[in-house]
Amino acid sequence: MQLLKTKFHIPEFKTSSSVSRKRMSSLLGEDCSIALVSAPAGFGKTTMLSEWAHNHDFPVAWVSLESSENNPMVFWCYLFTAMDSVLGPRGQKALSQITSSQSLSIETILIGLINDLADDDRVFSLVLDDYHVISHQDIHKSMEFFLDHLPRNMRIILSGRDEPRLCLSKFRISGKLREIRAEDLRFRDDEAEQLLNGIHGLALGKTDVLSLKKKTEGWAAGLALAILSIKDQQDKHAFIEAFTGSHRLVLDYLMEEVLSGLGQDMREFMLKVSTVDRFCPSLCRAISGYDDSARMVKEMEANNLFLIPLDDQRQWFRFHHLFREVLLKALRERVCGDIRPFHVNAFIWFRDHGYEMEAFNHGILAEQFDEAANLLADHAPEQFSEYGGFMLNQLLSRLPSDIVFKNPDLCSYQVMLNVMAGSFERAPLLYQDHFKGNPTVQGFKSLIQSYYYFYRSGEFEKCIEEISVMLDVLPKKHVTVREMGDLLLCLSLRYNGEIETAYERMSSIPWDENIPVLKAISYADILMGMGKIDSALVFITKSIAWGKARYGENLVSEYAYLYIQKGSILREKNQVDDALKACRHGLYLGRNDDYIEFVFIGNMEYARALAANHDYAEATKAINRSLAAARSSATWGVNLTAAYKIRIELAKGNIARAEALVKDLGDFSAQEIPFYTSNETLSFCRLCLCKKQTKQVHDITDTMICEDEGRKRNARLLECYVLKALAFQVDQRMDEALAFLEKAFTLSARDGYVRIFLDEGEPMMTLLKQARKRNILPDYLKPYLLSTGHDHKDRTVMIHEFKERFNEREIDILKLMKKGSSNKMIAETLFLSVHTVRWYASRIFAKLNVKRRGEAVVHAEKYDLI
């Protein structure tokens, strides 16, 4: 984003032309963290703050706000850049974060910034001048959050014409807020005397000074404007006597006097230049047609014609806002309201000088909609890549819809943004006759169609075909859109059962700290589908660490998916408490996210973790939230969520309810089983097992096993082996049951699958006992038989068998771990080297199937090792 440096310039305070308001500056004090300067236009707010800033002992960051900053991203970019000028890297980090992620929560960034500021001992102030131009509710909301948690070493000063739409009463009560109002800013008698006679030498009598001060009510702009007219009056007393009216009438009257006292060229020049928010001599020349614009700008500044410099080099200026409003009013009256030609000139200048968004704004004001649309179309890909859909949607909304829909690039982006928001209604617009043969439109059509296939109909093969077309035809300048398509392709391959292809495609991507988080999510999902949950967990942990290195502890919302995936893996490993924590953290990160898919996926995995913890009441609530979200998002999502709701009902013993849910899912008699229907099909199998109906279970699992073996689809294959073993158990064919159970152990042991067995309840416990008797039960599963209702004698025997796997040295190390001893302390106590202690620790972790000391101690206590 291109930011105007002039907005960070602290206005100059000239003692030769301004009355010192140090009495006002002192009201700001040093004992308040928030200051509000609120008064109507022209009361000298900026001048007073300028004097204060130039004489302040600590650094001051400054932002002069305008209506163009009434956008959350733009607003915070300016604030973070201003803070960067006094804080360096701490401000730069927040600025980098807000410009690096399309769905970034500003609250998340502010938390990180506040924490950074709290760790910094530098004291500074931030002035937000003309805050009244900000009306966006999201800005006010995030500003309130920032004010609520403002660190002690920072002070914010809000200055504007209106009361800011913030809840300030709590700060008044706490004494954190200092307020300066119009009554405080009004010129006192001595200040008016100093301005009129001391600085401008008008030699007015005390009566005239008091009269003018009374008529202007101490209004600084009124006094300043009066001075310009009084200078040329022969009878100053008569002029002041005739001087009456309200602020608006006074201003209109004085504008006539000021403008009428100017030469024709200067008057014309100022009227035309007032059509832009800020100007430099070159821009003035383009708008006004005056070749000597540089001289005229200098003359305006020399004559104090309400000109405010925006930089130290005095290249950029703006008019006093109130003065510009009057100039614009006068210009409209002179040209019968049609000031579009001046905006046309501004549009051309800004466009040719690389200020595309300011050019776009003047193109809209000039009603040059086609030219503005073409300009936006040229820069839409970079706008979408850098700032995401929100800002691009705002820009598109300023154009007439017929202009947008006849432009191939803009129509494509508009339809895509609507689809991302959940509406396919405008998709037919991409099939207009005049778009035929356009590669951008063709690429977007394929993308939109693929979204429909993926989210609405669950036709993943068709989605794959459309995405392949999209990646072939869409021009490479649409970088982010192509990345979205590539991600959707990998997900479609995964859910279509083509895991090997998806894995090959994703594994070719460099995996480092620069990997986009959405690709990390996709890769982790593929690894989980391949049954490589240990590899997936390592990768997820690394991805989260990379994210924290970039964003701090307060990760952006996309990382919510990674935490949910982490929770799913930890649940499978029966680390249920950690799984619940991961899921809750994921749901917290995604709490403000508009992705409806996350709502159903996040709550679905949370429900599974709650069920593993036997909290069926909360699990039911979570799965119902998931199902409600899925119904508004994706057909396959409804079936996926319903599949796990069936399993929860079966775990609760509610077979009738589970059977009703199965009926809603449709017919399971078809011989062909699409891969994406696996979850609901295998949930149907579990219902069949409860009803002692094993034929369909055998038929379904045989089909899936035949499809999965040798194709890296080990997650589903493992589940099929487990259900096949249970079916043979129901058939009282124990040898076949244990043979398939042993196959399941072969797949599960490497990555430590646990819940795949425990979730099947008592029937599986019976099988596991038989497996232990035949010495095929993996060691890592043996401890889980200890808490399943065995009598005391059986438990004692099993604990004894388990303890025999640990030698005396390992037990001693576990006892010291329980005391909290470090590796060095353990080494000194047992007369070992630190390296040897680490070696023993790794053996202990492997035997207990844990990764951390705390988990090792918990398991050791559970199984009477210590």
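Here's the picture: a label point sits 7 Å out from the Cα of residue 313 along the beta-carbon direction, and within segment 57-96 nothing has its amide nitrogen under 14 Å of it.
Here residue 462 is the anchor, and the aspartates and glutamates within straight C-alpha reach of less than 17 Å, apart from those fewer than 8 places off in the same chain, are 472, 486, 498. Look at the dipole of the chain built from charges on Cβ: of 145, 37, 499, the Cα furthest out on the positive end belongs to 499. Along the charge dipole of segment 313-412, pointing to its positive end and built from +1/-1 on Cβ of Lys, Arg, Asp and Glu, which listed residue (323, 369, 392) has its Cα farthest out? The listed residue farthest towards the positive side: 323.
When the surface is traced with a 1.4 Å probe over the full set of protein chains, residue 614 keeps roughly 130 Å² accessible.
Counting only alpha carbon atoms, the long axis of helix 808-818 and the longest principal axis of the chain meet at about 30°. The shape of segment 444-507 comes out oblate: with a ≥ b ≥ c from the C-alpha gyration tensor, a/c is at least 1.5 while a/b does not beat b/c. Take the solvent-accessible surface of the protein heavy atoms, probe 1.4 Å, and return the percent of it on segment 527-673 that carbon and sulfur atoms account for. Roughly 49 percent, rounded to a whole number.
Placing dummy labels 7 Å off each Cα toward the beta-carbon, the span from residue 864 to residue 367 is 9.1 nm. Multiplying the residue separation of residue 291 and residue 779 by 0.36 nm and subtracting their alpha-carbon distance yields 166.7 nm. Between helix 369-397 and the chain there is an angle of about 50 degrees, using the helix long axis and the longest principal axis of the Cα atoms.
Of the residues 469, 429, 286, the one whose Cα sits farthest toward the positive end of the charge dipole of the chain, with +1 on the Cβ of Lys and Arg and -1 on the Cβ of Asp and Glu, is 469.
With an 8 Å cut-off on Cα pairs and a minimum separation of 6 or more residues, tell me the relative contact order of segment 327-418 in percent. Relative CO of segment 327-418 lands at 20 percent. For residue 688, the solvent-accessible surface with a 1.4 Å probe is about 0 Å², rounded to the nearest 10.
Computed over segment 264-384, relative contact order equals 21 percent, with contacts defined as Cα pairs under 8 Å that lie 6+ residues apart. Across the accessible surface of segment 10-113, with the other protein chains kept in place and a 1.4 Å probe, carbon and sulfur atoms take up 51 percent.
So if we plug the beta-carbon distance of residue 542 and residue 12 into 1/(1 + (r/R0)^6) with R0 = 51 Å, what FRET efficiency do we get, rounded to 0.05?
Efficiency for this residue pair is about 0.50.
Label separation (residue 22 vs residue 655): 9.1 nm, computed from points 7 Å beyond Cα along the C-beta direction. For the chain, a crude dipole built from +1 on the beta carbon of Lys and Arg and -1 on the beta carbon of Asp and Glu, taken about the Cα centre, is about 2600 debye to the nearest 20. Label positions at residue 242 and residue 535, each projected 7 Å from the Cα along the C-beta direction, are separated by 9.2 nm. Test of understanding: extend the Cα→C-beta vector of residue 809 to 7 Å, then name every residue of segment 839-865 with backbone N under 13 Å from that spot. Within reach of a label on residue 809: 839-844. Among the trypsin sites (Lys or Arg not before Pro) found in segment 306-392, those both in a DSSP coil and sparsely packed, with 14 or fewer other Cβ atoms within 10 Å of their Cβ, are 314.
The GluC sites (Glu not before Pro) found in segment 620-707 that occupy coil by DSSP, while having at most 12 further C-beta atoms within 10 Å, are 672.
Once the mean of 1/r is taken over each pair of separate Cα atoms and inverted, segment 118-177 shows a Kirkwood hydrodynamic radius of 12.5 Å. Its relative contact order, with pairs defined as Cα atoms under 8 Å and 6+ residues apart, puts the chain at 7 percent.
This structure gives semi-axes √(5λ) of the Cα gyration tensor in Å, computed directly, and of [x] 69, 34, 21; [y] 47, 36, 23; [z] 49, 36, 30 that value is listed as [x]. Angle of helix 137-148 to the longest C-alpha principal axis of the chain, folded into 0 to 90 degrees and rounded to 10: 80°. Does segment 1-139 classify as rounded, prolate or oblate by the C-alpha gyration tensor (a ≥ b ≥ c root eigenvalues; a/c under 1.5 gives rounded; else a/b over b/c gives prolate, otherwise oblate)? Note, shape of segment 1-139 comes out prolate. The calculated FRET efficiency for the pair residue 190 and residue 374, based on their C-beta separation and a Förster distance of 60 Å, comes to about 0.50. Among rounded, prolate and oblate, which fits segment 344-413 when a ≥ b ≥ c are the square roots of the eigenvalues of its C-alpha gyration tensor, a/c under 1.5 means rounded, and a/b larger than b/c means prolate? It comes out oblate by the Cα gyration axes. Placing +1 on each Lys and Arg Cβ and -1 on each Asp and Glu Cβ, with no other charges, gives segment 1-110 a dipole about its Cα centre of roughly 220 debye. Length available on full extension from residue 703 to residue 235: 0.36 nm per residue minus the Cα-Cα distance, which gives 157.9 nm. Solvent-accessible area of residue 356, all protein chains in place: 50 Å² (probe radius 1.4 Å, heavy atoms, ligands and nucleic acids excluded). Residues within the reach of a label modelled at residue 631 (point 7 angstrom out along Cα to beta-carbon, backbone nitrogen below 16 Å), restricted to segment 648-662, are 661-662. The alpha-carbon of residue 14 sits under 12 angstrom from the alpha-carbons of these aspartates and glutamates, leaving out residues fewer than 8 places away in its chain: 51.
The values are calculated or read from the model by the stated rules, or taken from the named source; none is laboratory data. Everything numeric in this text was worked out from a predicted model, so none of it was measured. Because the Cβ atoms are built from the backbone with ideal geometry, glycine has one as well, and the counts that use them run over all protein chains shown. To get the accessible areas, we keep the full protein, side chains included, count just its heavy atoms, and leave off ligands, DNA and RNA. Shrake-Rupley method; radii C 1.70, N 1.55, O 1.52, S 1.80 Å.
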